[in-house]
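The structure appears below as structure tokens.
Nothing in this text is a laboratory measurement; each read-out follows from the coordinates by a stated rule. Just so it is clear, the structure is predicted and the values come from calculations on it, not from any experiment. Because the Cβ atoms are built from the backbone with ideal geometry, glycine has one as well, and the counts that use them run over all protein chains shown.
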Amino acid sequence: MKTDFIPLDYDYFDFRGKNYARIIGRNSKNQKICLIDSCPIYLWAILKENIAERKIQRIVEKIQKIQIPLKNRITRVEKIEIHEKSFLGKKVTALKIFATNYKDLHDIASQLKIPEIEKRRGYDLGFVTHYIIEKKLTPLNWYEIEGEVLSNSLEFGGIDSALNTDLTIFVKNISNTPDKKFTPCVLAYDLETDEIKIGEGEILMFSLVSNNGIKKVFTWKKSPGKKIQNVEYVKDEAELIETFVSQIKKINPDFLVGYFSDGFDLPYLKARAEKHKIKLDIGIEGSEPRFHRSGLGGITGKISGITHIDLLKFIRTAYSQYMQSETLSLNEVAKEFLQDEKKKFQIQHSTTLKKEDWKNYYEYNLHDSVLTLGLFEKMWPDLVGFSKVMQEPIFEISRNGMSKNVESYLIHNLERFNEIPEKRPTHNEIADRRQREKYEGAFVFEPTPGLYNKIGMFDFTSYWPSIIVSFNLSKSTLLEKEEKESTKVKLKNKEVIFSKKPGFFPQMLKEIIEKRKLFKKELKEKPDVMKKSRSNAYKLLANASYGYMGFFGARYYCPEASAAATSISRDFIKKTISEIDKEGYKTIYSDTDSIAFSMNNKSEKQTLEFLKKINSKLPGIMELELEDFYSRGLWVTTRAGKIGAKKKYALIDKKNKLKIRGFETVRRDWCRLARDVQNKVLKEILENGNEKKSLEYLKEIVKKLKSRQISREELIIKTQLKKSLSEYKSISPHVVAAQKMKEQEIPISEGNLVEYYIAEIPPGTKSKLVREKVKLPNEPGKYNIEYYLERQILPAVENIFQVFNINTSEIIKGKRQMTLGEF
DNA sequence: GGTGCATCCTTACC
DNA sequence: ACAGGTAAGGATGCACC
């Protein structure tokens, strides 16, 4: 039979010693389909140079005989082909050695220790990646599938009758078809429990919200009174878990989506199901979720046939750097992307809940799933986009970090360059790489503090990638010695040389840049938060390719290329700065790829002409563009003294929109009051061009603070606990706060934000340390006026007023009457 | 017991 | 361990007087 098909999720199984791919997807009639397919399994043995043909034949014969006895079968080499390939840009002769089972490739590779074999490659990609490369059945694209429908067939051990699908097809042929619209069936879920530690407490309720009309809470905790809409009751926790299983089976979604569900919801469900001896058999063939460790102490939960997505992970890698939110809590993220928030409800242990609270609890639970679904729908275009670009299933790309994504992109595009894939570094190699000395990074210009009028700002588009592409920097283009037209780059204590002949890495990077350009254009035409994030996600991917080469875990690790890129970046930015100054502008500041300069009475038109002139001289795809024109900008000194602070400035554009970088205002570890005061001061100064109004405002705030009119909420300091308490060498205030939380049995762990305030201590107590004055928000106490004046407000505004030669310290500390009269 | 520099630590910028 | 380096700045740690 024939059907169209869009692949969503990939897995594989063994049958009689052979591997089969199992691909779950849909057709345009919205049937859920499982494909069963096989593909050639092989690895590469790269031969040393200049080996005689007869010798090669003898090697082939020798390898052909390899047999390895395994537990219940014997694996052997099926056939061998000789190919002319490319490895790291060099022409090589390589043996393509075919085997029965992907898992055997490692064993076969270890049997290939023959002197004529230089390298063994291509056995560490993972079956799914290998399959996608071989069969070119890439995720989220449409295909025409021809094959045999398995219907109560005995093939593959009767697999089809066990599968919860509409069709199971044994593939005969795959062909491409044009793209069609596709809307997956998406189900968001959320659990409410009495404990947050997995295995402790009980599941009180769960909510399910789908994109096809399901919107329900299931609970065994009855609230007395009349029936509540959307809420269904069951007998007890066991029946609740059974209901979860039956609902998932019935709805049979393509995507089951949670928020932090890898770390909480799914493992919690599993633990409670085990407790009740209930099978959590929601997988397509009746399997239970499988959990894998995924570095950073993280866990991933995989459900076969249903793509389980933990949105938090995708947000972290794809958007977080760009977002305004200071934490990635569902509440803040929903506010930013959906302009919606969690329902207000104070979570407490179910035994202390009052009758009337339950209704709110249900609504709270339901709304979490509503938000999760909403976020998924917003992110869907990017999940698809990433999946198509990286050619890996959504399950992986939603969890992988940027380096893995860069690598996936490379691996899946090697064939176009006839390249054999490089292997992953070994543990020893990783250890060595981590020992490496840091290479010198980008250039940062030391600004002269002051308030400037009329500012222009240029920046290089995709600076790192454009350098890598334009100068052809990569592992495969790194040369031992000079050749015709090669590029020589001077580093600190050595010289590195790169070939002129385009390498596969720079060429692929060029394609990402083009994609990003397109998104940026769309964003400019009609801006919204999501488009902004999308454009940024591709920028991150492009930028990560630079970081990727310097990353110790990379297959195509090449610190020489990274170091060359930064060296070239420093040359170009410095050269551009001097050209800008020579033209009659005055550079105020520059960081890595951007330059802010005083317009010095030149017009915007003139400036754009000048920009064109610079661009005409830039090599390759390098490009300088106008970031914006600003009406005013402020740079301050460092806290310590006279020099201008880097990475700290505030700009205002012609529409009075602020752009603040580095100041305490944008740092989440400063109290709200200090941040707001600084923000207001900056705003007034940039809007008015002088400090008069903001000085009055400051005095008012100081007065309020001194007379204890400031609410505690505004004085809370939030700091992230980055490691476990015992690992801290230095006991800082936030560590003390975390210790207090432990004592009070408030849950706190690595990664959480710790909140505290600085309180007065009993008079007479001698103490210089801030940590001795730490109190948790729930602890009664008076805020420490001196601390907040001298260590929060003063440092936040001192350098700003310094620009106008005003000594804020005097105003704040009380010598003020002598200088300013009133107050 | 105070001073001042080194170190730890978090967060930001690009 | 899960992209890189550069930088500010608070608080503690500790040698030293």
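Here the gap between A:ARG16 and A:ASN360, fully extended at 0.36 nm per residue and compared with their Cα-Cα distance, gives a gain of 118.4 nm.
Here the spin labels are modelled as points 7 Å beyond Cα on the Cα-Cβ line, and at A:SER594 and A:MET1 they lie 5.7 nm apart. The simple Förster model, with R0 at 41 Å and r as the Cβ-Cβ distance, assigns A:LYS91 and A:SER38 a FRET efficiency of 0.85.
Approximating the spin labels as points 7 Å out from Cα along Cα→Cβ, the A:HIS106-to-A:LYS481 distance works out to 4.1 nm.
In order along the stretch A:27-41, the phi-based Karplus estimate (6.51 cos²θ - 1.76 cosθ + 1.60, θ = phi - 60°) of 3J(HN,Hα) comes to 10, 6, 8, 6, 7, 7, 10, 10, 9, 10, 8, 10, 8, x, 10 Hz; Gly and Pro are listed as x. Give a residue-ordered list of calculated ³J(HN,Hα) values for the stretch A:639-656 (Karplus: 6.51 cos²θ - 1.76 cosθ + 1.60, θ = phi - 60°; whole Hz; x for Gly, Pro). Once θ is set to phi - 60°, the couplings for the stretch A:639-656 become 4, 5, x, 8, 6, x, 7, 8, 6, 8, 7, 9, 10, 10, 8, 5, 8, 6 Hz. Using the Cβ-Cβ distance between A:LYS515 and A:THR352 with R0 set to 56 Å, the FRET efficiency from 1/(1 + (r/R0)^6) comes to roughly 0.60. Among the chymotrypsin sites (Phe, Trp or Tyr not before Pro) in the stretch A:98-189, none sits in a DSSP loop with a Cβ that has at most 10 other Cβ atoms within 10 Å. Applying a threshold of 26 Å to the alpha-carbon distances of A:LYS277/A:LYS313; A:LYS29/A:LYS172; A:LYS575/A:LYS605; A:LYS279/A:LYS302 flags A:LYS277/A:LYS313 as lying beyond it.
For a label point 7 Å from the Cα of A:GLN321 along Cα→C-beta, name the residues of the stretch A:590-625 whose backbone N is under 18 Å from it. It comes to A:591-595, nothing else. Counting neighbouring beta carbons within 10 Å and listing from fewest to most, the residues A:ARG672, A:ARG73, A:ARG120, A:ARG434 come out as A:ARG434, A:ARG73, A:ARG672, A:ARG120. Fully extending the segment from A:TYR697 to A:LYS275, taken as 0.36 nm per residue of separation minus the present Cα-Cα distance, adds 145.9 nm. Apply the a/c threshold of 1.5 to the C-alpha gyration tensor of chain A and tell me whether it is rounded, prolate or oblate. Oblate, because a/c is 1.5 or more while a/b does not exceed b/c.
Backbone amide hydrogens, once placed in the peptide plane, bring A:SER590 within less than 5 Å of A:PHE445, A:ALA596, excluding anything fewer than 5 places away on its chain. For the stretch A:188-297, the orientation-averaged shadow of the C-alpha convex hull comes to 7.6 nm² (one quarter of the hull surface). Taking the number of Cβ atoms within 10 Å of each Cβ as an exposure proxy, the fewest-first ranking of A:THR576, A:THR307 is A:THR576, A:THR307. With the cut-off at under 20 Å, measuring from each backbone N in the stretch A:256-279 to a point 7 Å along the Cα-to-Cβ line of A:GLU377 picks out A:256-260.
So, in Å, what gap is there between the alpha-carbon centers of the stretch A:367-441 and the stretch A:123-157? That distance is 22 Å. How would the stretch A:95-206 be classified by its alpha-carbon gyration tensor: rounded, prolate or oblate, with rounded meaning a/c under 1.5 and the a/b versus b/c comparison settling the rest? Oblate is the answer for the stretch A:95-206, as a/c is 1.5 or above yet b/c matches or exceeds a/b. Counting other Cβ atoms within 10 Å as a rough exposure proxy, the listed residues A:MET741, A:MET390 run A:MET741, A:MET390 from fewest neighbours to most. Distant-in-sequence amide contacts of A:ASP628, defined by a placed amide H-H separation under 5 Å and a gap of 5 or more residues or a different chain, comprise A:MET457.
Taking a ≥ b ≥ c as the square roots of the Cα gyration tensor eigenvalues, with a/c under 1.5 meaning rounded and otherwise prolate when a/b beats b/c, else oblate, which class fits the stretch A:505-594? Taking the square roots of the gyration eigenvalues as a ≥ b ≥ c, the stretch A:505-594 is oblate.
Using only Cα positions of the stretch A:436-476, each an equal point scatterer, no hydration layer, compute I(q)/I(0) via Debye at q = 0.15, 0.22, 0.33 Å⁻¹ and quote the log10 values to two decimals. Values, matching the q order: -0.66, -0.98, -1.17.
Note: relative contact order over chain A, using C-alpha pairs below 8 Å and six or more positions apart, is 9 percent. A simple spin-label model places the labels of A:LYS438 and A:GLU78 5.0 nm from each other, with each point 7 Å out along Cα-to-Cβ. For the stretch A:578-583, take each phi angle, set θ = phi - 60°, evaluate the Karplus expression 6.51 cos²θ - 1.76 cosθ + 1.60, and give the result in whole Hz per residue in order, putting x for glycine and proline. Each residue's phi maps through the Karplus curve to give 5, 5, 4, 5, 5, 6 Hz. At full extension, A:LYS612 and A:ASN173 could sit 152.8 nm farther apart than now, given 0.36 nm per residue minus the alpha carbon distance.
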